[in-house]
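Everything on this sheet refers to the single structure shown next.
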Amino acid sequence: MKEKILVTRKVFPAVIERLREHFDVETNDGDQIYTRGELEVRMPGKVGALVSATESIDAPLLRHCTSLRAVANLAVGYNNLDLAALSTAKVIATNTPDVLTESTADFGWALLMATARRTGEAERWLRLGLWEKWALDLFLGVDVHGTTLGVLGMGRIGRAVARRAGGFGMSVLYHDRAPVDAARELGARYCGKDELLRAADHLIITMPYSAQAHHTIGRRELALMKRSATLVNISRGGLVDEEALADALAEGRLAGAGLDVFEQEPLVCSRLLASQKVVATPHIASASEKTRMAMANLAADNLIAALGYGAHAGRPPSVLNPQVLDTA
Ligand code: 8YV
(Lines give C-alpha, C1' and ligand atoms only; values in the text may rest on other atoms or scores of the structure.)
Protein backbone atom coordinates (compact mmCIF):
# COMPACT_ATOMS: atom_id res chain seq x y z
CA MET A 1 0.00 0.00 0.00
CA LYS A 2 1.32 3.46 -0.92
CA GLU A 3 2.08 5.99 1.81
CA LYS A 4 -0.27 8.99 2.05
CA ILE A 5 0.58 12.59 1.29
CA LEU A 6 -1.45 15.82 1.25
CA VAL A 7 -1.23 18.53 -1.40
CA THR A 8 -2.80 21.55 0.25
CA ARG A 9 -3.49 23.69 -2.85
CA LYS A 10 -4.44 23.01 -6.47
CA VAL A 11 -1.33 21.95 -8.39
CA PHE A 12 -0.83 21.16 -12.10
CA PRO A 13 -2.23 17.68 -12.98
CA ALA A 14 1.08 16.51 -14.52
CA VAL A 15 2.80 17.12 -11.18
CA ILE A 16 0.07 15.31 -9.24
CA GLU A 17 0.52 12.35 -11.61
CA ARG A 18 4.25 12.27 -10.77
CA LEU A 19 3.40 12.20 -7.06
CA ARG A 20 0.83 9.44 -7.65
CA GLU A 21 3.58 7.15 -9.01
CA HIS A 22 4.87 6.96 -5.42
CA PHE A 23 2.08 8.01 -3.07
CA ASP A 24 -1.60 7.90 -2.27
CA VAL A 25 -2.24 11.61 -2.88
CA GLU A 26 -5.01 13.67 -1.29
CA THR A 27 -5.50 16.75 -3.48
CA ASN A 28 -7.42 19.98 -3.02
CA ASP A 29 -9.10 20.36 -6.39
CA GLY A 30 -11.44 23.08 -5.12
CA ASP A 31 -8.31 25.05 -4.13
CA GLN A 32 -9.89 26.59 -1.03
CA ILE A 33 -7.35 27.64 1.57
CA TYR A 34 -7.56 25.15 4.42
CA THR A 35 -8.18 26.61 7.85
CA ARG A 36 -6.01 25.57 10.75
CA GLY A 37 -8.83 23.21 11.82
CA GLU A 38 -8.96 21.58 8.38
CA LEU A 39 -5.20 21.07 8.37
CA GLU A 40 -5.45 19.45 11.80
CA VAL A 41 -7.94 16.98 10.32
CA ARG A 42 -6.19 16.34 6.98
CA MET A 43 -2.51 16.20 7.96
CA PRO A 44 -2.59 13.35 10.52
CA GLY A 45 -1.84 10.02 8.85
CA LYS A 46 0.12 11.71 6.04
CA VAL A 47 3.87 11.12 5.70
CA GLY A 48 4.37 14.22 3.57
CA ALA A 49 2.73 17.50 2.62
CA LEU A 50 3.23 19.76 -0.37
CA VAL A 51 2.20 23.20 0.88
CA SER A 52 2.16 26.79 -0.34
CA ALA A 53 2.86 30.11 1.33
CA THR A 54 -0.83 30.22 2.28
CA GLU A 55 -0.40 27.49 4.94
CA SER A 56 1.47 27.95 8.20
CA ILE A 57 3.20 24.85 9.51
CA ASP A 58 4.13 25.33 13.16
CA ALA A 59 4.62 23.44 16.41
CA PRO A 60 0.94 23.24 17.48
CA LEU A 61 -0.01 21.80 14.07
CA LEU A 62 2.93 19.39 14.04
CA ARG A 63 1.72 17.90 17.34
CA HIS A 64 -1.23 16.48 15.35
CA CYS A 65 1.05 15.08 12.61
CA THR A 66 3.02 12.25 14.18
CA SER A 67 3.53 10.36 10.88
CA LEU A 68 4.81 13.41 9.00
CA ARG A 69 8.38 13.09 7.64
CA ALA A 70 8.59 15.86 5.02
CA VAL A 71 7.03 19.21 4.11
CA ALA A 72 7.76 20.62 0.66
CA ASN A 73 7.04 24.33 0.33
CA LEU A 74 5.98 25.48 -3.13
CA ALA A 75 7.82 28.80 -2.74
CA VAL A 76 11.35 29.99 -2.15
CA GLY A 77 10.26 32.10 0.83
CA TYR A 78 9.55 29.91 3.83
CA ASN A 79 8.40 32.29 6.54
CA ASN A 80 5.23 30.16 6.66
CA LEU A 81 7.30 27.25 8.01
CA ASP A 82 8.52 27.10 11.59
CA LEU A 83 11.85 25.55 10.69
CA ALA A 84 12.91 25.01 14.31
CA ALA A 85 9.66 23.18 15.10
CA LEU A 86 9.97 21.06 11.94
CA SER A 87 13.56 20.15 12.80
CA THR A 88 12.63 19.27 16.38
CA ALA A 89 9.86 17.03 15.02
CA LYS A 90 12.44 15.52 12.60
CA VAL A 91 10.40 16.63 9.61
CA ILE A 92 12.46 17.47 6.50
CA ALA A 93 11.58 20.89 5.07
CA THR A 94 12.31 22.02 1.51
CA ASN A 95 11.68 25.09 -0.69
CA THR A 96 11.97 26.01 -4.39
CA PRO A 97 15.00 28.28 -4.95
CA ASP A 98 16.74 29.07 -8.26
CA VAL A 99 13.97 28.03 -10.65
CA LEU A 100 12.08 31.28 -10.01
CA THR A 101 15.00 33.71 -9.75
CA GLU A 102 14.94 35.13 -13.28
CA SER A 103 11.16 35.35 -13.67
CA THR A 104 10.85 37.09 -10.32
CA ALA A 105 13.61 39.54 -11.23
CA ASP A 106 11.87 40.24 -14.57
CA PHE A 107 8.70 41.05 -12.68
CA GLY A 108 10.50 43.32 -10.25
CA TRP A 109 11.54 45.34 -13.28
CA ALA A 110 8.00 45.29 -14.68
CA LEU A 111 6.78 46.87 -11.43
CA LEU A 112 9.68 49.30 -11.27
CA MET A 113 9.08 50.54 -14.81
CA ALA A 114 5.31 50.69 -14.39
CA THR A 115 5.64 52.65 -11.15
CA ALA A 116 8.26 55.11 -12.40
CA ARG A 117 6.46 55.81 -15.67
CA ARG A 118 2.91 55.60 -14.25
CA THR A 119 1.65 53.08 -16.80
CA GLY A 120 -1.18 51.71 -14.62
CA GLU A 121 -2.53 55.13 -13.80
CA ALA A 122 -2.26 56.31 -17.41
CA GLU A 123 -3.97 53.19 -18.75
CA ARG A 124 -6.86 53.45 -16.28
CA TRP A 125 -7.34 57.08 -17.32
CA LEU A 126 -7.23 56.23 -21.03
CA ARG A 127 -9.72 53.38 -20.64
CA LEU A 128 -12.10 55.74 -18.87
CA GLY A 129 -12.21 57.71 -22.13
CA LEU A 130 -10.56 60.75 -20.58
CA TRP A 131 -7.90 61.28 -23.27
CA GLU A 132 -8.91 64.32 -25.31
CA LYS A 133 -5.56 65.65 -26.49
CA TRP A 134 -1.83 65.12 -26.24
CA ALA A 135 -0.24 67.40 -23.64
CA LEU A 136 3.35 68.19 -22.75
CA ASP A 137 2.85 67.44 -19.09
CA LEU A 138 0.63 64.38 -19.42
CA PHE A 139 1.55 61.73 -16.80
CA LEU A 140 5.06 62.96 -16.17
CA GLY A 141 7.00 60.25 -14.42
CA VAL A 142 10.52 59.75 -13.17
CA ASP A 143 13.33 58.32 -15.28
CA VAL A 144 14.77 54.87 -14.82
CA HIS A 145 17.84 55.02 -17.10
CA GLY A 146 20.94 56.59 -15.66
CA THR A 147 19.57 56.65 -12.10
CA THR A 148 20.59 54.80 -8.93
CA LEU A 149 19.00 51.47 -8.15
CA GLY A 150 18.93 50.44 -4.50
CA VAL A 151 18.65 46.73 -3.81
CA LEU A 152 17.66 45.70 -0.30
CA GLY A 153 18.71 42.05 0.03
CA MET A 154 21.45 40.80 -2.33
CA GLY A 155 20.46 37.15 -2.55
CA ARG A 156 19.79 35.30 -5.79
CA ILE A 157 16.84 37.46 -6.80
CA GLY A 158 18.52 40.71 -5.73
CA ARG A 159 21.53 39.87 -7.89
CA ALA A 160 19.33 38.99 -10.88
CA VAL A 161 17.57 42.36 -10.50
CA ALA A 162 20.92 44.16 -10.20
CA ARG A 163 22.30 42.41 -13.31
CA ARG A 164 19.47 43.86 -15.39
CA ALA A 165 20.32 47.42 -14.27
CA GLY A 166 23.39 47.46 -16.56
CA GLY A 167 21.15 47.76 -19.60
CA PHE A 168 19.67 50.94 -18.16
CA GLY A 169 23.05 52.51 -17.38
CA MET A 170 22.21 52.59 -13.69
CA SER A 171 24.48 52.64 -10.66
CA VAL A 172 23.61 49.89 -8.22
CA LEU A 173 23.85 50.22 -4.44
CA TYR A 174 22.81 47.44 -2.12
CA HIS A 175 22.45 46.59 1.49
CA ASP A 176 22.46 43.18 3.16
CA ARG A 177 23.73 41.84 6.48
CA ALA A 178 27.24 41.86 4.97
CA PRO A 179 28.83 42.50 1.57
CA VAL A 180 28.16 39.75 -0.96
CA ASP A 181 31.10 38.60 -3.12
CA ALA A 182 28.97 37.87 -6.17
CA ALA A 183 27.69 41.48 -6.15
CA ARG A 184 31.13 42.92 -6.88
CA GLU A 185 31.28 41.45 -10.37
CA LEU A 186 27.91 43.10 -11.08
CA GLY A 187 29.41 46.47 -10.22
CA ALA A 188 27.06 46.84 -7.26
CA ARG A 189 28.38 48.80 -4.26
CA TYR A 190 27.64 47.80 -0.67
CA CYS A 191 26.43 50.49 1.73
CA GLY A 192 24.54 50.90 5.00
CA LYS A 193 20.76 50.75 5.00
CA ASP A 194 20.29 54.48 5.65
CA GLU A 195 22.73 55.43 2.88
CA LEU A 196 20.84 53.13 0.53
CA LEU A 197 17.53 54.77 1.41
CA ARG A 198 18.92 58.28 0.95
CA ALA A 199 20.67 57.54 -2.36
CA ALA A 200 18.25 55.25 -4.22
CA ASP A 201 16.13 56.67 -7.01
CA HIS A 202 14.40 53.30 -7.18
CA LEU A 203 14.48 50.94 -4.22
CA ILE A 204 13.59 47.27 -4.65
CA ILE A 205 13.07 44.87 -1.75
CA THR A 206 14.42 41.39 -2.40
CA MET A 207 15.11 40.14 1.11
CA PRO A 208 13.45 37.29 3.00
CA TYR A 209 10.82 37.98 5.63
CA SER A 210 11.28 36.99 9.26
CA ALA A 211 9.78 38.32 12.48
CA GLN A 212 12.96 40.37 13.02
CA ALA A 213 12.59 41.88 9.55
CA HIS A 214 8.98 43.00 10.14
CA HIS A 215 8.50 46.58 8.86
CA THR A 216 12.11 46.88 7.70
CA ILE A 217 10.70 49.81 5.74
CA GLY A 218 8.73 51.87 8.22
CA ARG A 219 8.08 55.55 8.89
CA ARG A 220 11.72 56.36 9.72
CA GLU A 221 13.05 54.62 6.62
CA LEU A 222 10.48 56.19 4.29
CA ALA A 223 11.38 59.62 5.65
CA LEU A 224 14.97 59.09 4.49
CA MET A 225 13.96 58.40 0.88
CA LYS A 226 13.94 60.96 -1.93
CA ARG A 227 10.57 62.51 -2.75
CA SER A 228 11.14 61.45 -6.37
CA ALA A 229 11.98 57.84 -5.44
CA THR A 230 9.93 54.72 -6.08
CA LEU A 231 9.69 51.64 -3.88
CA VAL A 232 9.11 48.12 -5.22
CA ASN A 233 8.36 45.09 -3.03
CA ILE A 234 8.48 41.58 -4.54
CA SER A 235 9.37 39.78 -1.29
CA ARG A 236 6.80 39.70 1.51
CA GLY A 237 4.26 42.34 2.51
CA GLY A 238 5.29 42.36 6.16
CA LEU A 239 8.61 43.98 5.26
CA VAL A 240 6.82 47.30 4.63
CA ASP A 241 4.62 49.25 7.05
CA GLU A 242 1.66 49.80 4.72
CA GLU A 243 0.09 52.63 6.72
CA ALA A 244 3.41 54.50 6.79
CA LEU A 245 3.76 53.93 3.04
CA ALA A 246 0.22 55.19 2.39
CA ASP A 247 1.04 58.34 4.41
CA ALA A 248 4.29 58.93 2.50
CA LEU A 249 2.49 58.61 -0.83
CA ALA A 250 -0.46 60.78 0.24
CA GLU A 251 1.88 63.50 1.52
CA GLY A 252 3.99 63.50 -1.67
CA ARG A 253 7.09 62.18 0.11
CA LEU A 254 7.51 59.32 -2.40
CA ALA A 255 6.78 59.20 -6.13
CA GLY A 256 5.20 55.76 -6.20
CA ALA A 257 5.19 52.15 -5.05
CA GLY A 258 5.03 48.90 -6.99
CA LEU A 259 3.70 46.18 -4.74
CA ASP A 260 3.29 42.49 -5.52
CA VAL A 261 2.96 41.48 -1.89
CA PHE A 262 0.85 42.75 1.03
CA GLU A 263 0.73 42.43 4.78
CA GLN A 264 -2.65 40.64 4.93
CA GLU A 265 -3.02 38.90 1.55
CA PRO A 266 -5.40 38.74 -0.17
CA LEU A 267 -6.55 41.93 1.60
CA VAL A 268 -4.92 45.07 0.33
CA CYS A 269 -4.68 48.14 2.56
CA SER A 270 -7.58 50.30 1.32
CA ARG A 271 -5.50 53.47 1.28
CA LEU A 272 -2.89 51.86 -0.97
CA LEU A 273 -5.60 50.46 -3.20
CA ALA A 274 -7.08 53.93 -3.57
CA SER A 275 -3.76 55.58 -4.38
CA GLN A 276 -3.08 56.25 -8.07
CA LYS A 277 0.63 56.14 -7.21
CA VAL A 278 0.49 52.44 -6.40
CA VAL A 279 0.91 49.68 -8.96
CA ALA A 280 -0.57 46.62 -7.24
CA THR A 281 -0.41 43.00 -8.39
CA PRO A 282 -1.64 39.81 -6.65
CA HIS A 283 1.63 38.06 -5.65
CA ILE A 284 2.51 36.98 -9.19
CA ALA A 285 6.21 37.83 -9.46
CA SER A 286 7.15 34.21 -10.20
CA ALA A 287 4.05 33.53 -12.27
CA SER A 288 5.28 32.70 -15.73
CA GLU A 289 3.86 29.41 -17.02
CA LYS A 290 7.31 27.85 -17.25
CA THR A 291 8.47 28.99 -13.83
CA ARG A 292 5.37 28.03 -11.88
CA MET A 293 5.59 24.57 -13.50
CA ALA A 294 9.28 24.35 -12.58
CA MET A 295 8.46 25.36 -8.99
CA ALA A 296 5.75 22.71 -8.72
CA ASN A 297 8.05 20.05 -10.18
CA LEU A 298 10.87 21.02 -7.83
CA ALA A 299 8.52 20.84 -4.83
CA ALA A 300 7.48 17.36 -6.01
CA ASP A 301 11.13 16.32 -6.56
CA ASN A 302 11.89 17.47 -3.03
CA LEU A 303 8.97 15.59 -1.49
CA ILE A 304 9.63 12.37 -3.42
CA ALA A 305 13.33 12.39 -2.48
CA ALA A 306 12.78 13.49 1.13
CA LEU A 307 10.39 10.58 1.66
CA GLY A 308 12.95 8.14 0.26
CA TYR A 309 11.66 7.52 -3.27
CA GLY A 310 12.91 8.17 -6.82
CA ALA A 311 16.42 8.56 -8.22
CA HIS A 312 17.44 11.05 -5.51
CA ALA A 313 15.99 9.12 -2.57
CA GLY A 314 17.16 10.65 0.69
CA ARG A 315 18.78 13.62 -1.09
CA PRO A 316 16.11 16.27 -1.75
CA PRO A 317 17.50 18.98 -4.09
CA SER A 318 16.71 21.95 -1.82
CA VAL A 319 16.52 20.99 1.82
CA LEU A 320 16.19 23.72 4.45
CA ASN A 321 17.11 21.65 7.52
CA PRO A 322 19.84 19.22 6.35
CA GLN A 323 20.56 18.25 9.97
CA VAL A 324 17.30 16.25 9.92
CA LEU A 325 18.59 14.24 6.93
CA ASP A 326 21.77 13.49 8.85
CA THR A 327 19.86 12.09 11.82
CA ALA A 328 17.27 10.18 9.77
C1 8YV B 1 5.19 32.02 -4.77
C2 8YV B 1 6.90 33.47 -3.65
O3 8YV B 1 4.55 31.92 -5.98
O4 8YV B 1 8.40 31.69 -3.92
C5 8YV B 1 8.01 32.59 -3.19
O6 8YV B 1 8.49 32.81 -2.06
O7 8YV B 1 6.61 34.44 -3.03
C8 8YV B 1 6.17 33.15 -4.91
O9 8YV B 1 7.09 32.82 -5.89
C10 8YV B 1 4.19 32.14 -3.69
O11 8YV B 1 4.78 32.28 -2.46
C12 8YV B 1 3.24 30.94 -3.72
O13 8YV B 1 3.56 29.98 -2.77
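The values are calculated or read from the model by the stated rules, or taken from the named source; none is laboratory data. None of the values given here were measured: they were computed from a predicted structure. Ideal geometry is used to build each Cβ from the backbone, glycine not excepted, and the neighbour counts take in all protein chains shown. For accessibility, only protein heavy atoms count, side chains too; no ligands or nucleic acids. Shrake-Rupley method; radii C 1.70, N 1.55, O 1.52, S 1.80 Å.
Numbers for the structure displayed
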| item | result |
| --- | --- |
| Val240, sole failed condition from (1) touching a helix residue (DSSP H, G or I) at 6+ places or on another chain (Cβ under 6 Å); (2) open to solvent by less than 10 Å² (accessible area, probe 1.4 Å); (3) within 16 Å of the ligand (Cβ to nearest atom) | (1) |
| Positions within the stretch 46-78 being within 20 Å of Arg315 (Cα to Cα) and within 16 Å of the ligand (Cβ to nearest atom), in sequence order | Ala49, Leu50, Val51, Val71, Ala72, Asn73, Leu74, Ala75, Val76, Tyr78 |
| Hey, Ser210 within 16 Å of the ligand (Cβ to nearest atom), in contact (Cβ under 8 Å) with a residue 60 or more places away in the chain and surrounded by fewer than 16 Cβ atoms within 10 Å (Cβ to Cβ) or not | yes |
| Odd one out for Val232 among (1) buried (at least 24 other Cβ atoms within 10 Å of the Cβ); (2) away from the ligand (no atom under 16 Å from the Cβ) | (2) |
| Residue in the stretch 89-96 that is free of Cβ contacts under 8 Å to residues at least 40 places away in the same chain, out of contact with any His (no Cβ under 6 Å at 6 or more places or on another chain) and among the basic types (Lys, Arg) present | no |
| Failed item in (1) within 16 Å of the ligand (Cβ to nearest atom); (2) touching a Phe, Trp or Tyr at 6+ places or on another chain (Cβ under 8 Å); (3) open to solvent by 40 Å² or more (accessible area, probe 1.4 Å), with Trp125 passing the rest | (1) |
| Sole residue being under 21 Å from Pro208 (Cα atoms) and without any contact (Cβ under 8 Å) to a residue 40 or more places away in the chain, chosen from Leu249, Leu245, Leu254, Leu273 | Leu245 |
| Residue that is nearest to the ligand (Cβ to nearest atom), among those in the stretch 278-311 that are open to solvent by 30 Å² or more (accessible area, probe 1.4 Å) and part of a helix (DSSP H, G or I) | Arg292 |
| Checklist (1) over 19 Å from Met170 (Cβ atoms); (2) outside any loop (DSSP other than H, G, I, E, B); (3) of a type in the set (D, E, K, R) applied to Arg198, failing item | (1) |
| Verdict on Arg159 being among the charged types (D, E, K, R) and buried (at least 20 other Cβ atoms within 10 Å of the Cβ) | yes |
| Test for Arg177: is it part of a helix (DSSP H, G or I) and modelled with pLDDT of 95 or more | no |
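Matching residues to (1) at positive phi; (2) in contact (Cβ under 8 Å) with a residue 60 or more places away in the chain; (3) surrounded by fewer than 18 Cβ atoms within 10 Å (Cβ to Cβ); (4) outside any loop (DSSP other than H, G, I, E, B):
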{"site": "Val15", "(1), (2), (3), (4)": "no, yes, no, yes"}
{"site": "Leu19", "(1), (2), (3), (4)": "no, yes, no, yes"}
{"site": "Asp31", "(1), (2), (3), (4)": "yes, no, yes, no"}
{"site": "Tyr34", "(1), (2), (3), (4)": "no, no, no, no"}
{"site": "Pro60", "(1), (2), (3), (4)": "no, no, yes, yes"}
{"site": "Thr66", "(1), (2), (3), (4)": "no, no, yes, no"}
{"site": "Tyr78", "(1), (2), (3), (4)": "no, yes, no, no"}
